[in-house]
Amino acid sequence: MSPRHALLAALVAAIWGFNFVVLKIGLGEFPPLLFSALRFLAAAVPAIFFVGRPTVAWRWIIAVGLVLGVAKFSFMFIALSVGMPAGLSSLVLQSQVIFTVVFAALVLRERPRSAQITGTALAVAGIGVIAWDYGSTSPLLGFLLVIAAAVCFGASNVLMRCARPSDTLRFMVWVSAVAVLPLFALSFLTEDVSALGRLNWTGVGALGYVSWVSTLLGFGIWGFLLRRYEGSAVAPFALLVPVFGMFSAWAFLGEDLTVLRVAAGGVVLLGLAIPQLAGRRAARTEVQLEPLVPAGR
């Protein structure tokens, strides 16, 4: 990957990490389901009129819209609204890698490699330490809601593997459109939506960031990089998301970074990095062996 594109990948990780801080601020202005509905509405309109028709079957767009857009983000936003720290959320959400491996094995019959098993075990251990540390001082509800969000995230990853969208940005715009009505319906049934009549610049700024910067710009750049490079070259940059998330939450929200949580977070990141590093090593080995294969194969 060129240095310029590596900087772009790191920029996306920074955007997505800082997004957790913005979510926390936005949830001070809106109830969680309403905030999520407005986020997807702003991400879908007016972009939906410019990106063109979907290039994958509607069943995949609807499925990802409900699992990722409605379920995952509802759990995530509610977790933040009940007190789950933004920085810690950015780390725990990365457990989606674990659930992606499990669901891929169950649904797609993909056998996990030894590196995936080792990495998953380390990540589970790290998250277990974080849960114990967090639960010793705070209610576990927020933590469990983020785990539920990670489960939905993992399921949506497998659905996207099945859909195989050629244009990630276009796909996400249509997924956003699917999520709007169910989220508005749930919000009107369960929340006080009077915040709609009290819009201020803080709320509008938070909506703008999570809709246009984090969703459209972030996924647009990420999709561009995935079309240009192998996934094994791009995916490791996602490990920077919780790093940016935890340190931006410490810098802007004053959230504690205990030694135990930082150490456990390092274990989680190591566990998530092992399969990526093993995959890149295997790819390099394959490239090196390629000239040894007879040309007439």
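Net charge near residue 183: determine it from the other residues with C-beta under 15 Å of the C-beta of residue 183, scoring Lys and Arg +1 and Asp and Glu -1. Intermediate results must be reported in sequence, preceding the final value.
Values: positive: 39, 72; negative: 191.
Around residue 183, the surrounding residues sum to +1.
Add -39500 (n - 2.57) for each DSSP H run of 4 or more in the chain, then divide by its residues: what number comes out at 222 nm, to the nearest 500 deg cm²/dmol?
Details: 14 runs with 208 residues, N = 297.
Value at 222 nm, helices only: -23000 deg cm²/dmol.
By its C-alpha gyration tensor, with a ≥ b ≥ c as the square roots of the eigenvalues, how is segment 1-131 shaped: rounded for a/c under 1.5, else prolate for a/b larger than b/c, else oblate?
rounded
What full-extension length gain, to one decimal in nm, is calculated for residue 102 and residue 141 as 0.36 nm per residue of separation minus the Cα-Cα distance?
Gain on stretching residue 102 to residue 141: 11.7 nm.
What Rg and what Dmax come out for the chain when only alpha-carbon atoms are used, in angstroms?
19.5, 70
So how do 42-52, 119-129, 146-156 stack up, highest first, on mean other-Cβ count within 10 Å?
Highest-to-lowest ranking by the protection proxy: 146-156, 119-129, 42-52.
Going by a ≥ b ≥ c, the root eigenvalues of the Cα gyration tensor, does segment 115-232 fall in the rounded group (a/c under 1.5), the prolate group (a/b larger than b/c) or the oblate group?
On the way: a/c = 1.94, a/b = 1.08, b/c = 1.79.
It is oblate, given that a/c is not under 1.5 and a/b is not larger than b/c.
Which cross-chain or sequence-distant (5 or more) residues have an amide H under 5 Å from the amide H of residue 110, H modelled 1.01 Å from N in plane?
Correct list: 105.
Using every pair of alpha-carbon atoms in segment 53-204, split the distances into 5 Å bins beginning at 0 and state the percent of pairs per bin, rounded to integers.
2, 9, 15, 17, 18, 16, 13, 7, 3, 1, 0
Tally Lys and Arg at +1 and Asp and Glu at -1 over the other residues with C-beta under 14 Å from the C-beta of residue 163: what net charge comes out?
That sum, taken over residues with Cβ under 14 Å, equals +3.
On the accessible surface of the chain, probed at 1.4 Å, how many percent belong to carbon and sulfur atoms?
Carbon with sulfur: 70 percent of the solvent-accessible area.
Measuring with a 1.4 Å probe in the full set of protein chains, what accessible area per residue, in whole Å², belongs to the chain?
Ligands and nucleic acids excluded, the result is 49 Å² per residue.
List every DSSP H helix in the chain whose Cα atoms extend 20 Å or more along the helix's own long axis and whose mean Kyte-Doolittle hydropathy is at least 0.0.
Once both thresholds are applied, what remains is 3-26, 114-135, 141-163, 168-190, 259-289.
The values are calculated or read from the model by the stated rules, or taken from the named source; none is laboratory data. These figures come from a predicted structure and were not determined experimentally. A quick note on method: Cβ atoms are made from the backbone with ideal geometry, for glycine too, and the neighbour counts reach across all protein chains shown. These accessible areas exclude ligands, DNA and RNA; they are computed on the full protein's heavy atoms, side chains included. Shrake-Rupley method; radii C 1.70, N 1.55, O 1.52, S 1.80 Å.
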